[in-house]
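*Asks:* Before we start, here is the structure in question, set down as structure tokens.
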Amino acid sequence: MKLDSMYQEIILDHYRNPHGKGLRDGDAEVHHVNPTCGDEITLRVKLDGAVVADVSYESQGCSISQASASVLNDLVVGKTVGEAQQVQEAFLELMQSKGQSEGDEEILEDAVAFAGVSKYPARVKCALLGWMAWKDATAKALAGHPEISD
Amino acid sequence: MTHSHLTGLLDTDAIRKDFPVLSRVLHDGKPLVYLDNAATSQKPRQVLDALNAYYEQHNSNVHRGVHVLAEEATALYEGARDKVAAFINAPSRNEVIFTKNASESLNLVANMLGWADEPYRVDADSEIVITEMEHHSNIVPWQLLAQRTGAKLKWFGLTDEGRLDLSNIDELITEKTKIVSVTLVSNLLGTVNPVETIVRKAQSVGALVAIDASQAAPHAVLDVQALEADFVAFTGHKMLAPTGIGVLWGRQELLEDLPPFLGGGEMIETVTMGSSTYAPAPHKFEAGTPPIAQAVGLGAAIDYLSAIGMDKVAAHEHAITAYAIERLAEVPDLRIIGPRTAVDRGAAISFTLGDIHPHDVGQVLDEQGIAVRVGHHCARPVCLRYGIPATTRASFYLYSTPGEVDALIDGLHHVRNFFG
Ligand SMILES: Cc1ncc(COP(=O)(O)O)c(C=O)c1O
Ligand SMILES: [Zn+2]
């Protein structure tokens, strides 16, 4: 069934047991919404030098938006900001691929499970919600720490 | 499932043959189950034929033309106005203004009042009253008017059962109230509102009343004289007509007194470089080339609905809605947002399904060919009121069948298994 290509088991697992959920201490906070379905996320980024020390979030929304925030947390925490930005760009590219890309598993790990979502234009925004919030929050956190640049 | 206990149903086998899109098959063999009628209706062959015939045989700009096509196009366009007037029991055809949709109709009322002279003028001493269950189209124009004039915006709240809370009507509608604008039927909750109570109160303080009939006109008899309101707005695409055509009905003496909003061709009497005088209503409010083919399509839609009879359409939808409410009760964890009986209720039913987000509910239903709408349905304050981010909404029309209700119920069980 076509639906299984969107709702991969990995996605449903992240949805049922989200990683890193809850708001903790951070250097910057943003609130993003997806007006089409009302998905919402409040996300904080904590930097430790050039390393993403924590991404914490409170969110409500569909399985895709929830799972994607959980995968984001797995993938970027512990990486340098530069590495994490590369992952974010790879994920954005995958989501904009309209089902044409499978994603680079070396970089995206569990996030390649979202490849099927890219076929559903109405759901791409759900998958990107947390990632765009992270990008925004990171830019804010960096603005507060001009010494970190890479 | 047997449906023999349902009474008042239309001959949907015959009706569905008129709607080409209803025979579509989706996703490898699933027949389309179209339950998104509150967002927009499907169009019967008769309306599509009228559009084609207009463009193939009669296309011209309207009014002031001296050639055959111009006369035919004008007769068709103005004939559509006659059909609308009869459909809503308007005392005069000159009270029917064509707009592009209900949103434009409501914005037109707000702007007429913002630019009006006394006694209609909305200004810093005025109050505007709406309700918490309005579509954004009947909220935002009033917020804009309030911001621009300094008027105060007030609203009726909602009860836990999804009905208007009229308990503080005397505090809400006062001597300061200039306009009360309420929906006749909620697009999210399905509630049919007791507008007569509100109209009587408004009349007692000399306030005008606008009624958003977008979810009413397609589904039941609409009689603007019986409503006793001052303005009634609705939109064609929800009642079998094409997109791009809406209606504002207004009482004649008001339309004579109130100022135009948009200026342009068609709406004038004479123009000099210094100033202009305006055509009488309705043309005063129809600047520029109107949506001609769309109005003709609306006329054909009204012919179609009238041939069936709006009382029969209402009875059919009532039976389907009652059956749907009964069967939805079988689905574990399903909570209807809005009245849980079919009394004073339209054919839109919103619900939540346990913790499963509506976006996921809608996606899994779509895979089975079932089209529902998910989200806040342009009535976000209702979601906030009931503490939910969004709902799934199934909404029925004259071609909906009990079998489609059964398909929805089966689909919802499947959704629960999928995310269970
Ligand atoms: C109650 C109600 N009012 C107004 C509207 C706006 O209609 P339109 O988008 O055609 O202007 C809608 C349709 O979504 C509605 O359901
Ligand atoms: Zn979503």
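The values are calculated or read from the model by the stated rules, or taken from the named source; none is laboratory data. Model, not experiment: these values are computed from the prediction. Positions of Cβ are generated from backbone atoms using ideal geometry, with glycine treated the same way; all protein chains shown enter the neighbour counts.
*Asks:* Could we say that B:P332 is closer than 28 Å to A:P35 by Cβ, touching a Gly at 6+ places or on another chain (Cβ under 9 Å) and in a loop (DSSP other than H, G, I, E, B) here?
*Replies:* For B:P332, the condition - closer than 28 Å to A:P35 by Cβ, touching a Gly at 6+ places or on another chain (Cβ under 9 Å) and in a loop (DSSP other than H, G, I, E, B) - is not met.
*Asks:* Right, another one. Grab the strands (runs of 3 or more DSSP E) fully contained in segment B:215-273, keeping just those with 2 or more residues being out of contact with any helix residue (DSSP H, G or I) (no Cβ under 7 Å at 6 or more places or on another chain).
*Replies:* B:268-271
*Asks:* When you look at B:A279, is it small (G, A, S) and touching a residue at least 24 places away in the same chain (Cβ under 8 Å), yes or no?
*Replies:* no
*Asks:* Right, another one. Of (1) in a loop (DSSP other than H, G, I, E, B); (2) within 30 Å of A:D39 (Cα to Cα); (3) in contact (Cβ under 8 Å) with a residue 12 or more places away in the chain, B:A342 satisfies all except one. Which?
*Replies:* That leaves (2) as the condition not met.
*Asks:* Moving on. Please go through segment B:251-297 and give me each residue that is touching a strand residue (DSSP E or B) at 6+ places or on another chain (Cβ under 6 Å) and β-branched (V, I, T), ordered by number.
*Replies:* Residues satisfying the conditions are B:I268, B:T270, B:T277.
*Asks:* Can you tell me which residue in segment A:50-66 is nearest to B:D360 (Cα to Cα), limited to those that are more than 16 Å from ligand 2 (Cβ to nearest atom) and buried (at least 23 other Cβ atoms within 10 Å of the Cβ)?
*Replies:* Going through the qualifying residues, I end up with A:V55.
*Asks:* Let me ask something else about it. Of everything in segment B:243-266 that's under 19 Å from B:I88 (Cβ atoms) and within 16 Å of ligand 1 (Cβ to nearest atom), which residue is nearest to the other protein chains (Cβ to nearest Cβ)?
*Replies:* It comes out as B:G246.
*Asks:* Please work out if B:V109 is free of Cβ contacts under 8 Å to residues at least 12 places away in the same chain, within 13 Å of ligand 1 (Cβ to nearest atom) and within 30 Å of B:A293 (Cα to Cα).
*Replies:* Criteria not met by B:V109.
*Asks:* Restricting attention to segment B:339-355, does a residue exist that is surrounded by fewer than 19 Cβ atoms within 10 Å (Cβ to Cβ) and within 14 Å of chain A (Cβ to nearest Cβ)?
*Replies:* Yes.
*Asks:* Taking the residues in segment B:359-407 that are at positive phi and more than 16 Å from ligand 1 (Cβ to nearest atom) as candidates, determine which candidate is modelled with the lowest pLDDT.
*Replies:* Within segment B:359-407, the match that is modelled with the lowest pLDDT is B:G387.
This table checks each residue for (1) touching a residue at least 40 places away in the same chain (Cβ under 8 Å); (2) within 14 Å of another protein chain (Cβ to nearest Cβ); (3) within 16 Å of ligand 1 (Cβ to nearest atom).
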site	(1), (2), (3)
A:L47	yes, no, no
A:L72	yes, no, no
A:A90	no, no, no
A:G116	yes, yes, no
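*Asks:* Only one of B:N94, B:N101, B:N89 is within 25 Å of the chain's Cα centre (by Cα) and loosely packed, with under 15 Cβ neighbours inside 10 Å; which?
*Replies:* B:N89
*Asks:* Need at least 1 residues that are in contact with an Asp or Glu (Cβ under 7 Å, 6 or more places away or on another chain) per element, so show me which helices (runs of 4 or more DSSP H) inside segment A:34-109 make the cut, counting only ones lying wholly within it.
*Replies:* Values: elements: A:63-76, A:81-95, A:105-108.
Per the criteria, A:63-76, A:81-95.
*Asks:* Criterion first (at the interface with chain A (Cβ under 9 Å from one of its Cβ atoms) and either surrounded by fewer than 21 Cβ atoms within 10 Å (Cβ to Cβ) or farther than 25 Å from B:A14 by Cβ (or both)) does B:P358 satisfy it? It would help to see each step written out before you state the result.
*Replies:* Values: at the interface with chain A (Cβ under 9 Å from one of its Cβ atoms): yes; either surrounded by fewer than 21 Cβ atoms within 10 Å (Cβ to Cβ) or farther than 25 Å from B:A14 by Cβ (or both): yes.
Against the criterion (at the interface with chain A (Cβ under 9 Å from one of its Cβ atoms) and either surrounded by fewer than 21 Cβ atoms within 10 Å (Cβ to Cβ) or farther than 25 Å from B:A14 by Cβ (or both)), B:P358 qualifies.
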